[in-house]
Amino acid sequence: MTVEEVKGQGGNVFNHAAISVDGRQAVGLEQKKDSAAAALEDETTPGAVRGVAANRKVLAKVTIRITRDQARHIQVFLDKAAKSPPNYNLYHSNCAEFCEAAMRAGGLKAPSDMTPGGLLNDLKKLYPQP
């Protein structure tokens, strides 16, 4: 399983967090319809689970060895979220928290971060990289 921080798009200065299992395309939670004003004003908007385009610059990533059972639970979480996405809120239901929830669905320890950069930094502490 890999969690990555990718370069933000548009006005997103916090970047974007995404998660992948078994080499599949990384996915993350985003606003269904981009609205920087709604995000900054702490408005909850419909969310969408979307794949990360291959051309987006990966700024950091953490790869964690997991069991097949953990991978299955995480993928089930991701598949359900793609079909019925949670709402998005910059402050309490964002891409970093989505990755954390996916990890917890697989029985993994996950920090509680608000930003992709904070998430990756804390994951590197929890799961030291070679």
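Only the coordinates and a few stated rules stand behind these numbers; no lab work does. Just so it is clear, the model here is predicted, and its values are computed rather than measured. In this analysis, Cβ positions are derived from the backbone assuming ideal geometry, glycine residues included, and neighbour counts consider all displayed protein chains.
Just subtract the alpha-carbon distance of ARG24 and LYS125 from 0.36 nm times their residue separation and send over the number in nm, one decimal.
Details: separation 101, 0.36 × 101 = 36.36 nm, distance 2.45 nm.
Extra length available between ARG24 and LYS125 comes to 33.9 nm.
When a footprinting reagent is the concern and you count Cβ atoms within 10 Å, what order do SER93, SER112 take, fewest first? Write out the running numbers ahead of the final one.
On the way: SER93 16, SER112 10.
Taking fewest neighbouring Cβ atoms as first place, the list is SER112, SER93.
As a footprinting exposure proxy, order MET103, MET1, MET114 by other Cβ within 10 Å, with the fewest listed first. Working shown, then result.
Numbers: MET103 26, MET1 21, MET114 14.
Placing the least packed residue first, the sequence is MET114, MET1, MET103.
So what is the calculated 222 nm ellipticity per residue for the chain, using -39500 (n - 2.57) for each DSSP H run with n of 4 or more, over all residues, to the nearest 500 deg cm²/dmol?
After summing the helix terms and dividing by the residues of the chain, the value is -10000 deg cm²/dmol.
For VAL13, VAL58, what ranking results if the residue with the fewest other Cβ atoms within 10 Å of its Cβ goes first? Please list the in-between numbers first.
Numbers: VAL13 8, VAL58 13.
The most exposed by this proxy come first: VAL13, VAL58.
Two decimals, Cα atoms only, Kirkwood Rh: what is Rg/Rh over region 2-126? Walk me through the numbers on the way to the answer.
Numbers: Rg = 13.4 Å, Rh = 14.3 Å.
When Rh is taken as the Kirkwood radius, the ratio is 0.93.
Exposed loop trypsin sites (Lys or Arg not before Pro) only (DSSP loop, at most 10 other Cβ atoms within 10 Å): please give the longest stretch of the chain free of them, not including the sites.
Values: sites that count: LYS33, LYS57, ARG65.
Answer from the scan: 66-130.
Quick one: length gained pulling ARG72 to SER112 fully straight, 0.36 nm per residue minus the C-alpha distance? Present the calculation step by step, with values, prior to reporting the outcome.
On the way: separation 40, 0.36 × 40 = 14.40 nm, distance 2.25 nm.
That pair, ARG72 and SER112, stretches by 12.2 nm at full extension.
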